[in-house]
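Novice: Shown below is the structure under consideration.
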Amino acid sequence: MVLRIGIIHNQEEKSIRVLQRLRGLLAMKDDLEIVDRDPQLVITIGGDGTLLSAFHRYSHRLNEVRFLGVHTGHLGFYTDWRDYELPELVNSLSDEQGTSVSYPLLDIVVTSANGQHQHFLALNESTIRKGSRTMVADVYIKEELFERFRGDGLSISTPTGSTAYNKSVGGAVVHPSINAMQLAEIASLNNRVFRTLGSPSIIGSHEWIDVQLKSSGEHLITIDQLDINSKEVVSIKYKIADERIHFASYRHMHFWHRVKDAFIRED
């Protein structure tokens with residue numbers, strides 16, 4: 001059986017060189033085929049940003065596609081292979097067993113004042129901000145009002161996204177085997193008049209978060225690499241998606257090894 005492979009890369013000079021070498025190695029294998037449409041495996045060359053782009057490109061085919069990352073810069077959280085390991089990588093593809101490891105995703109619905117709904121999936125995180133002014137929002141967990149938030153904004157992340165912006169605002173690092181999302185406050189306003197929980201919250205897959213905006217004017221909503229600037233958005237609903245992203249597990253690096261390499265290990 002021939003394995004159909006798609007390749008997505010960034011435009012860095014090193015990534016272009018790796019792309020050319022990878023294409024040459026794949027062409028030598030009769031059971032591997034590079035395709036432009038309907039791949040079974042997507043190889044990304046670059047960093048986590050390149051893999052995020054690939055995820056959103058194929059988000060409509062997550063049950064049919066697995067991902068594999070080759071990093072050409074610093075170690076990423078989604079990229080398992082180094083550029084100098086291409087022969088080993090290509091040989092492992094020929095021993096294809098179809099195995100994979102999957103991670104949770106965010107299911108996001110953005111609602112505008114006219115009742116229009118926009119649906120998104122996020123691999124990492126979503127944030128809501130008000131720019132230079134205080135954001136005011138009612139935060140519901142399931143259908144119950146949890147708090148009225150005042151501050152710079154809110155961050156909602158997946159377990160894999162917990163190592164990104166979420167961590168920088170004091171959120172916990174969560175192992176991706178935990179099917180949950182994390183709500184973290186960004187510079188919340190807490191005094192004798194205004195109170196919020198003031199600490200990150202882990203929300204299970206059977207619950208959802210509904211952020212209803214109460215501050216007027218334009219809000220900035222990010223969904224992974226996508227930015228939405230709008231005066232019309234009135235609410236954003238988050239839950240753990242039914243879909244999951246699947247990574248080819250030829251050699252999938254242990255999550256805590258990634259964390260140690262990214263934040264602790266000294267070279």
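Novice: DSSP beta bridges in the stretch 8-156, what fraction antiparallel, as a percent rounded to 5?
Specialist: Working: 17 of 27 bridges.
If we restrict to bridges inside the stretch 8-156, about 65 percent are antiparallel.
Novice: Within 10 Å of each candidate Cβ there may be at most 11 other Cβ atoms; applying that plus a DSSP loop requirement, which trypsin sites (Lys or Arg not before Pro) in the stretch 41-125 survive?
Specialist: Those that pass, being in a loop and sparsely packed, number zero.
Novice: Then there is this: Once fully extended, how much extra length lies between Val2 and Ala262, figured as 0.36 nm per residue of separation less the alpha-carbon to alpha-carbon distance?
Specialist: 90.0 nm
Novice: Give me the distance in nm between label points sitting 7 Å out from Cα along the Cα-to-Cβ direction at Lys142 and Ala172, one decimal.
Specialist: For Lys142 paired with Ala172, the spin-label model returns 2.0 nm.
Novice: Moving on to the next point. Go through 10-23, 175-188 and give me the packing order, highest mean Cβ count within 10 Å leading.
Specialist: Details: 10-23: 14.9, 175-188: 19.4.
Ranking, from highest mean packing down: 175-188, 10-23.
Novice: May I pose another question? Under 30 Å Cα-Cα from Lys239, which lysines qualify once same-chain neighbours fewer than 8 residues away are excluded?
Specialist: The qualifying lysines are Lys130, Lys142, Lys167, Lys214, Lys231, Lys260.
Novice: Now, a different point. So what's the net charge close to Ala262: Lys and Arg +1, Asp and Glu -1, counting the other residues with Cβ under 11 Å from its Cβ?
Specialist: Combined, the nearby Lys, Arg, Asp and Glu give +2.
Novice: Could you work out how far apart the two model spin labels at Met28 and Gln11 are, taking each label as a point 7 Å from the Cα in the direction of the beta carbon, and quote it in nm?
Specialist: 3.1 nm
Novice: Could you rank the peptides 222-232, 152-162, 124-134 by their average count of other C-beta atoms within 10 Å per residue, with the highest value first?
Specialist: Answer by packing, highest mean first, reads 152-162, 124-134, 222-232.
Novice: Cα to Cα, under 30 Å, and not fewer than 8 places away if on the same chain: which lysines meet these conditions relative to Lys29?
Specialist: Lys14
Novice: May I pose another question? How do the peptides 137-147, 45-55 rank, highest first, by the average count of neighbouring beta carbon atoms within 10 Å per residue?
Specialist: The densest-packed peptide leads the list: 45-55, 137-147.
Novice: So what is log10(I(q)/I(0)) for the stretch 105-243 at q = 0.10, 0.14, 0.19 1/Å, when the Debye sum runs over its Cα atoms only?
Specialist: So the normalised log intensities are -0.28, -0.57, -1.11.
Novice: Another question, if that's okay. Averaging sequence separations of C-alpha pairs under 8 Å and six or more residues apart, then dividing by the length of the chain, give the relative contact order as a whole percent.
Specialist: Normalised by residue count, the contact order of the chain is 20 percent.
Novice: Now a separate question. Can you give the three extents of the C-alpha atoms in the chain along their principal axes, from longest to shortest, in whole Å?
Specialist: Cα extents, longest axis first: 68, 45, 35 Å.
Novice: Given a 10 angstrom Cα cut-off, can you work out which residue in Thr99, Thr111, Thr44 is the most mobile in a GNM of the chain?
Specialist: Thr99
Novice: By the scheme Lys and Arg +1, Asp and Glu -1, what is the net charge of all other residues having a beta-carbon under 9 Å from that of Asp107?
Specialist: Details: positive: Lys237, Lys239; negative: Asp242, Glu243.
Around Asp107, the surrounding residues sum to 0.
Quick note: the coordinates plus some simple rules give every number you see, no bench work behind them. Since the structure is predicted, the reported quantities are computational estimates derived from the model, not experimental observations. Ideal geometry is used to build each Cβ from the backbone, glycine not excepted, and the neighbour counts take in all protein chains shown.
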